[in-house]
Amino acid sequence: MTTTTPAAATPARPLSLLLCALGGEGGGVLAEWLYAAAVHAGHPAQSTSIPGVAQRTGATTYYVEIHPEPADRLGGRRPVFGLAPVPGAVDLLVSSELLETLRQVGAGMSSAGRTLVISSTARALTTVEKMAQGDGRIDDAALLAVLQRHCRGAELLDLGALAAQAGTVISAVMFGAIAASGVLPFGREACEEVIRASGKGVDASLRGFALAFDALAARRAQRERAEQALAAPAGQAERTDHALGRAPEPDLRALGRARVAAYQDEAYARQYDDRLARVDAAERAGDPTGAHGGAIGREMARWLALWMAFDDIVRVAALKLAASRQERVRREVKAGAGDVVKVYDHFKPGVPELAALLPQGLAGRLLAWDRRRVAAGHEPWALPLMVGTHTLAGTLALRMVAALKGQRRRGSRFAQEQALIERWLAAVEAGAREHWALGHELAQCGRLIKGYGSTNERAKANLLHIVDQLARAPRPADERAGAVRAARAAALADEAGQQRAQVLVAHGAAKRAPREQPIRFVRRRRAA
């Protein structure tokens, strides 16, 4: 009698999880939780970490392997785990920041046929992104497109917002998202039990865990509704939008008007309305069929509101006193209901800030005095202050400054800003009536206005130079529109202004004379 021995079953491979966290986000705690939850559920596991430095070598990564079968089912066998992730062999990639997620994708860790990615949509901007004169942020849409091509699925949540809502660190939120992903061979209860056993910040950690778990479950349900909606008849489009939870586009005009009214008063908001009405009339004249959908008006609604609500010491004082700011500070420091939080704000107002609230005559004399000091080799006059916002004296001082809102209209800067706004507005109106593209490009030049102090002054000078030299040049309107677009892009991309100057000259603009800058000689002290 002949017997045959059945072939040994192919052993299940361990699940590989790669966790990426920035400094202070609790990545090590998250790895410990995962390992402890696996052991608590009876699964063999192993955890290792690879330190990193964000923005240079990347985030610190934690690698966890979990065997999908409990140890009591292995018949005495012990799985062999790896110490580091293998490119293309990661089952779950979890990251607390979108660009860090793409770093791991670029390193080949994610596989289109195997890897599920859980990533926060929030960004911690790199130094290079912050240095740009314009919007230097990397396009999130491009990052997401790369991510989707290199994973079998992606779950994207604002993990940082969920952590702030729960009053915990992001590691607890990441743990909840991992538990809801369906990758782990054990359930939610084992994960929550590990958090309870940790004994530190248990309630807040469980809140963050639950928020992420429920959010991911809701996304799955929403995805199912979307798949059902794709098969629904065309007549159900309105109900489909409601089922998918699509929010309508924000009303930029209403938001802009509210910002301007809060900044000054209702009369100022009516002036905002009147200015937009002038733009609308000009756009209708240049685009009578409405083929462009009022794009010039939308651009102006955004940038006009930002310029009309320019920063000054009155606005800064009001923002420092805002209740939302106090709540945000308490959230950031994770203060409890009975904790006392002391906040010290540092100010350094100079002559321009003080002269802004004075009538033109007094302001001119004060600014001239400061210019003479600078020309003589002195630093511009400034008054360094440290104000305890949590104290009665500090709060009263800021309230006195914030109460100067009425004086703003009588100040020299208010009149200057309104005159500059009118110059830009007149150019947009004329451009829109003559050629829609020219008006649209000039409207987008409003994004050049940003910052405060010398940065704001350079931005306004750039915009007005483009308006005066390019928008009114004796050339066809479509060529002027292209010149304005090129000059705006150069101004946003070039802090020093060299590229912008070259573009302006190339399109026929007069070369700007260099600004006077004092040269200071500092005596070197001899070493003792």
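The values are calculated or read from the model by the stated rules, or taken from the named source; none is laboratory data. It should be emphasised that the depicted structure is a prediction, and the values quoted were computed from it without experimental measurement. A quick note on method: Cβ atoms are made from the backbone with ideal geometry, for glycine too, and the neighbour counts reach across all protein chains shown. For the accessible areas, the whole protein counts, side chains as well, though only heavy atoms, and no ligand, DNA or RNA atoms are used. Shrake-Rupley method; radii C 1.70, N 1.55, O 1.52, S 1.80 Å.
Mind checking which residues of segment 134-174 are closer than 18 Å to R220 by Cβ and not acidic (D, E)? I'd like the intermediate steps shown before the answer.
Taking segment 134-174 and keeping what is closer than 18 Å to R220 by Cβ, we get 148, 151-159, 162, 173-174.
Answer for segment 134-174, where residues must be closer than 18 Å to R220 by Cβ and not acidic (D, E): Q148, C151, R152, G153, A154, L156, L157, L159, L162, V173, M174.
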Which residue is modelled with the highest pLDDT, if the candidates are limited to segment 113-135 and must be over 11 Å from the mean Cα position of the chain (by Cα) and open to solvent by 50 Å² or more (accessible area, probe 1.4 Å)?
R114
Pick from segment 395-425, criterion of a type in the set (G, A, S) and in contact with a helix residue (DSSP H, G or I) (Cβ under 9 Å, 6 or more places away or on another chain), ranking: surrounded by the most Cβ atoms within 10 Å (Cβ to Cβ)
G411
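For segment 25-44, name all the residues that are over 19 Å from A177 (Cβ atoms) and either open to solvent by 20 Å² or more (accessible area, probe 1.4 Å) or modelled with pLDDT under 85 (or both). Write out each step before concluding.
Of all residues in segment 25-44, those over 19 Å from A177 (Cβ atoms) come to 39-40, 42-44.
Residues satisfying the conditions are V39, H40, G42, P44.
So that you can scan it fast, the table gives a plain yes or no per residue for (1) open to solvent by less than 80 Å² (accessible area, probe 1.4 Å); (2) over 21 Å from Y263 (Cβ atoms); (3) out of contact with any helix residue (DSSP H, G or I) (no Cβ under 9 Å at 6 or more places or on another chain); (4) part of a helix (DSSP H, G or I):
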| position | (1), (2), (3), (4) |
| --- | --- |
| L276 | yes, no, no, yes |
| E283 | yes, yes, no, yes |
| G293 | yes, yes, yes, no |
| V316 | yes, no, no, yes |
| R325 | yes, no, no, yes |
| K334 | no, yes, no, no |
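Each row is one residue, and each column tells you yes or no for (1) open to solvent by 80 Å² or more (accessible area, probe 1.4 Å); (2) at pLDDT below 80; (3) assigned to a loop (DSSP other than H, G, I, E, B).
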site	(1), (2), (3)
N462	no, no, no
A483	no, no, no
A489	no, no, no
V503	no, yes, no
A509	no, yes, yes
P514	yes, yes, yes
I519	yes, yes, yes
V522	yes, yes, yes
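Given the structure, is S110 within 21 Å of G28 (Cα to Cα) and in contact with a strand residue (DSSP E or B) (Cβ under 7 Å, 6 or more places away or on another chain)?
Details: within 21 Å of G28 (Cα to Cα): no; in contact with a strand residue (DSSP E or B) (Cβ under 7 Å, 6 or more places away or on another chain): yes.
Criteria not met by S110.
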Restricting segment 387-427 to residues that are of a type in the set (S, T, Y) and assigned to a loop (DSSP other than H, G, I, E, B), the residue that is nearest to A356 (Cα to Cα)
T389
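Tally up the residues in segment 342-376 that are open to solvent by 40 Å² or more (accessible area, probe 1.4 Å) and not aromatic (F, W, Y), please.
First, the residues of segment 342-376 that are open to solvent by 40 Å² or more (accessible area, probe 1.4 Å): 342, 344, 346-348, 352-354, 358-362, 365-367, 369, 371-373, 375-376.
After this cut, where a residue has to be not aromatic (F, W, Y) as well, the list is 342, 346, 348, 352-354, 358-362, 365-367, 371-373, 375-376.
Counting residues in segment 342-376 that are open to solvent by 40 Å² or more (accessible area, probe 1.4 Å) and not aromatic (F, W, Y) gives 19.
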Residue match in segment 389-410 (condition: touching a His at 6+ places or on another chain (Cβ under 8 Å), touching a residue at least 24 places away in the same chain (Cβ under 8 Å) and not acidic (D, E)):
no
